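In what follows, a structure is listed as structure tokens, so that the remarks can point back to it.
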Amino acid sequence: MSPRVKPEPVQVVKERRDAALKALVHGVPYIQFLGIEFDRRGDELTAILPFDDKLIGNPLLPAIHGGVTAAFLEVAAIIELSWSLVWDEMESGRLDPRKLDPDHLPRLPKTIDFTVDYLRTGLPRDAYARARVNRSGRRYASVHVEAWQDNRSRLFAQGTGHFLMPERDAAPNG
Amino acid sequence: MDDRKLKAARQFIEAIPHSRALGMVLDRLEDGVAVISMPYDARFVGDPQTGVIHGGAVSALMDTCGGAAVMSHPTGVIGTATIDLRIDYMRPAKPGDRITARAECYHVTRSVAFVRATAHDADGERPVATATGAFTLERAAEGRP
């Protein structure tokens, strides 16, 4: 047994984790274009898509564009997977989130395929999504994601994606 | 499809707020086949290190194109919504290139339409992505059970 180490101050832990998440999310222009944000509780992420007129696909209903829904789910899945990869690097101290910026992001997984089921019309309100990494191998990963609006138990869309994992070389920030 | 109908369809699709936000243009529409393209735009980038467009933007293009293909099917379709859509990403689209999707509604039942689609950048030989989807199909009122 190693000698007991004094726990880090909570503020230091929070700042480190929030900085890493911010770097992952804010470094991607398309995520900013759609206005997607992430809420973090420990390592659990919730993707949030605040409603905006430019997200409308059917002006008569009005309803969120199916392509926006697909993009939202894919973003939620890929950030969840990236976050799970960054988490261990960060908590072990191998990666310093303060050195992350759009030019020094960790290598991200690449989407191989993505399937979206449209369960209900996307209403003109904020949408939320949570993803679960069901399998994370050395080369491939499978991620499932669920999205809802007013009620957590009434999903308006769900999706499954397969991803090619980034090659594990030296951390980009040394 | 004659020019007048194509123009009306083009105005319809280009009036969809999100399609307009992505700069989509209807290039062709006839008998269950739609061709829609969108410009390269730095705001749609998914990987800032390479400048490659985000898969989600390609999904949005494929979904719009699939829906348009269903609407143009020559059996009197008055409405459609995506049931599911699967996209396979073959390779990254070349940064700077326009992306063009071609969707074909290859089979319809009374209430479901089946669609396949392909997306290209300037290289028309090697697809960037392919998609298959099922869409709901609403027809003008005719003896529904």
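Among the GluC sites (Glu not before Pro) within the stretch B:1-105, not one is in coil by DSSP while having at most 16 neighbouring Cβ atoms inside 10 Å. Put a plus charge on the Cβ of each Lys and Arg, a minus charge on the Cβ of each Asp and Glu, and nothing anywhere else: the dipole of chain B about its Cα centre is then about 220 debye. Picking from B:Leu29, B:Leu61, B:Leu85, which is most flexible by a Gaussian network model of chain B using Cα springs under 10 Å? Looking only at B:Leu29, B:Leu61, B:Leu85, the largest GNM fluctuation is found for B:Leu85.
When chain B is treated as a GNM with alpha-carbon contacts under 10 Å, the residue of B:Ala131, B:Ala81, B:Ala21 showing the greatest mean-square fluctuation is B:Ala21. Farthest toward the positive end of the dipole of the stretch B:3-139, out of B:Gly133, B:Gly79, B:Gly51, is the Cα of B:Gly79, where the dipole comes from beta carbon charges about the Cα centre. By the rule of a C-alpha distance below 18 Å, with chain neighbours fewer than 8 residues away ignored, the lysines paired with B:Lys94 are A:Lys110.
Both chains summed, the buried accessible area for B and A stands near 2400 Å², from protein heavy atoms and a 1.4 Å probe. A straight chain from B:Ala15 to B:Arg139 at 0.36 nm per residue would run longer than the Cα-Cα distance by 42.4 nm. Of A:Pro29, A:Pro106, A:Pro50, the residue with the greatest mean-square motion in the GNM of chain A, using alpha carbon springs below 10 Å, is A:Pro29. On the principal axes of its alpha-carbon atoms, the stretch A:1-101 has extents of 65, 22, 20 Å, going from largest to smallest. Placing +1 on each Lys and Arg Cβ and -1 on each Asp and Glu Cβ, with no other charges, gives chain A a dipole about its Cα centre of roughly 440 debye.
Evaluating 6.51 cos²θ - 1.76 cosθ + 1.60 at θ = phi - 60° for every residue in the stretch B:53-58, the Karplus couplings come out as 4, 5, x, x, 5, 5 Hz, glycine and proline recorded as x. Solvent exposure of the protein assembly as shown amounts to 50 Å² per residue of accessible area, where only protein heavy atoms count and the probe is 1.4 Å.
Once the partner protein chains are put back, the stretch B:38-68 shows a loss of at least 50 square angstrom of accessible area, versus the chain by itself, at B:Arg43, B:Pro48, B:Gln49, B:His54 (probe 1.4 Å, ligands and nucleic acids excluded).
Peptide A:106-116 is shielded by partner chain Cβ atoms: per residue, an average of 6 of them sit within 10 Å of its Cβ. Computed from the C-beta positions of A:Arg120 and A:Val5 and an R0 of 35 Å, the FRET efficiency is 0.10 to the nearest 0.05. Heavy-atom surface analysis with a 1.4 Å probe gives the protein assembly as shown a carbon and sulfur content of 51 percent of its accessible area.
The values are calculated or read from the model by the stated rules, or taken from the named source; none is laboratory data. What you see is a predicted model, and the numbers here were worked out from it, not measured in a lab. Glycine also receives a Cβ, built like all others from the backbone with ideal geometry; neighbour counts cover every protein chain displayed. Just the protein is used for accessible areas: all its heavy atoms, side chains included, with ligands, DNA and RNA removed. Shrake-Rupley method; radii C 1.70, N 1.55, O 1.52, S 1.80 Å.
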